[in-house]
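Coordinate-derived values only; no laboratory data. What you are looking at is a predicted structure, and each value in this text was computed from that prediction instead of being measured. Glycine gets a Cβ as well: all are built from the backbone with ideal geometry, and neighbour counts include every protein chain shown.
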Amino acid sequence: MDLDADIDIRPAPAFSHASEAELARILDFYTVGWEYEPHTFPILFDRSGAVLESFSPDFYLPELDLYLELTTLKQRLVRKKNRKLRRLRELYPGVQIKLLYSRDFRALLMKYGKLSLASALTGADGQTTPPRVRTGRSVTETTRAGARRSRAEARARAVARLASASLIDAEVTA
Amino acid sequence: MTRRPDLTADVSEILLSEAQIQAKVIELGRRISDDFAGRELTLVSVLKGSLPFMADLMRSITIPVQIDLMEVSSYGGTATESSGLVRILKDLSSSIDGRHVLIVEDIIDTGLTLNYLVRYLRGKNPASLQICTLLDKPARRIVEIAIDYRGFEIPDQFVVGYGLDYGEAYRNLRFVGVLRPEVYLDPD
């Protein structure tokens, strides 16, 4: 089986952080298909139902139906991110998402013998990403449709839960 | 890594003793022998880390087995590797078409390598494909993998020994130990 058969070359998305570009390269290497911030999930609404806050996980892996969120902030600074993730899990219980913390990313770099890059790829130092051409597996129309469908289903579930009014609040974004 | 490894001083604690490992290997061998009795089984070891585990496990299995070895390159972040050209460093020597295959791993953490291997081996039409790992570090999992035979679930610590390395050293330890952080945080 040639796992590289459907490799394509596309312009790289504009990653907001160097760590995201590195994670994309790792996923490419292991031929795990990914999309960068393809979906935005409303996670906070006012009483009229207007969206006050949304969350766009960094990566979606269509073949695994899994979202990855990478944060390289120091552990004490990830409270807001944790709150968003909790909210997303409450509203969209069918959505699988993993949060990779700074320590997880450092462990990943160490595993691949690249720990020396950790400081350059994390925190404020990693804010800028050099341009590159992405080499990765193409996401088929089937998996794209599946991703759209699962997002629509998750949204429908969230709306149903919101209809119960118990989750509609006016939480102030931190 | 430029400093010379010290096989004794660089390990802060023994996580799994030789006796614990051997007892678990015998238990796994017994289970595998029972489960695959009467079937054509091929053990596929993933080099280099699983070599000691494979050597002990195959001798604990009491049914006829064939063995094969694979080596898969790890991500290194170079342009060549990112292009996806360097991956299977050593492929299977024999066909696994129609055979029951058990992948023998030393450790599963992110699941990325194994996810790739499973997809690769499924393409070779085995009758079944299962996974046996000595160590499972679920805290590091990115890709979920169904593990059929698991030796030990271990905490999120950097471990070496019994095949596991840091900078190609420590593989020959007879136990699994925790590497002192100063070894990899300040390798010089």
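Relative to its residue count, segment B:2-112 spans a Cα convex hull of 153 Å³ per residue.
Computed over the Cα atoms of segment B:1-44, pair by distinct pair, the Kirkwood hydrodynamic radius stands at 13.8 angstrom. Relative to the current alpha-carbon distance between B:ARG180 and B:SER93, full extension at 0.36 nm per residue lengthens the span by 27.5 nm. If the Kirkwood radius is taken over C-alpha pairs of segment A:21-76, then at 4 °C and 1.567 mPa s the Stokes-Einstein diffusion coefficient equals 100 µm²/s. Considering only B:THR113, B:LEU135, B:THR62, the residue lying farthest towards the positive end of the dipole of chain B is B:THR62, judged by Cα position with unit charges set on Cβ.
Per-residue Karplus couplings for segment A:78-84, computed as 6.51 cos²θ - 1.76 cosθ + 1.60 with θ equal to phi - 60°, are listed in order as 9, 4, 5, 5, 4, 5, 4 Hz, Gly and Pro entered as x.
Taking amide H positions as modeled 1.01 Å from N, with prolines and chain starts lacking one, the residues under 5 Å from B:GLU40 and 5 or more places away or on another chain are B:HIS100.
Subtracting the Cα-Cα distance of B:ALA37 and B:THR8 from 0.36 nm times their residue separation leaves 6.3 nm of extension gain. Shape summary: chain B maps onto an equivalent ellipsoid whose semi-axes, from the alpha-carbon gyration tensor, are 28, 21, 14 Å in decreasing order.
Per residue, the convex hull spanned by the Cα atoms of segment A:33-107 measures out at 97 cubic angstrom. For B:LEU47, nonlocal amide neighbours, meaning residues 5 or more places apart or on other chains whose placed amide H falls under 5 Å from its own, are B:MET70, B:GLU71, B:VAL72.
Converting phi to 3J(HN,Hα) with the Karplus coefficients 6.51, -1.76 and 1.60 and the offset θ = phi - 60°, segment A:12-18 yields 5, x, 7, 5, 8, 8, 4 Hz in sequence order, with x at every glycine or proline.
Using the Cα gyration tensor of segment B:83-149, with a ≥ b ≥ c the square roots of its eigenvalues, what is the shape: rounded (a/c below 1.5), prolate (a/b larger than b/c) or oblate (neither)? It is oblate, given that a/c is not under 1.5 and a/b is not larger than b/c.
Remark: mean inter-chain Cβ contacts per residue of A:99-112 equal 3, using a 10 Å Cβ-Cβ cutoff to other protein chain atoms. Amide H to amide H, with H built 1.01 Å from N, B:ILE131 comes under 5 Å of B:ILE103, B:ASP148, B:TYR149, counting only residues 5 or more places away or on other chains.
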